[in-house]
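This report refers to the structure that appears directly beneath it.
Derivation of every value follows stated rules applied to the coordinates shown; laboratory data play no part. Fair warning: this is a prediction, and the values are worked out from it, not measured in the lab.
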Amino acid sequence: MYVSFDVELKPDEIEYVLAHAEVMFYRKVQTTVNELTSYTTDAMAVAHGDKPFANLQQTINDARTRERMYWFKMPRYHTL
């Protein structure tokens, strides 16, 4: 499902949207990787296929930290 809108975002809003998209992307990868341990193709068998993603949770945490940082730099949305 593609979503588009005709609104021009400010630079800090663009950074926030990109950081949030990064978090959502890595969460989707994490759900896929949790099922991946080994697999076999016609040409080879691969064991421990999840090893490249061993530090994925730390990557997600770093992206969430950046997302929060951008959020708090936009006081027009979170102050009364």
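Tabulated values for the structure
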| quantity | calculated |
| --- | --- |
| Rounded to whole Hz, the Karplus (6.51, -1.76, 1.60) HN-Hα couplings of segment 57-74, x for glycine and proline | 5, 5, 5, 5, 4, 5, 5, 5, 5, 5, 4, 5, 4, 5, 4, 6, 8, 10 |
| Segment 27-33 - phi-based ³J(HN,Hα) in whole Hz, Karplus 6.51/-1.76/1.60, Gly and Pro as x | 5, 5, 4, 4, 5, 6, 5 |
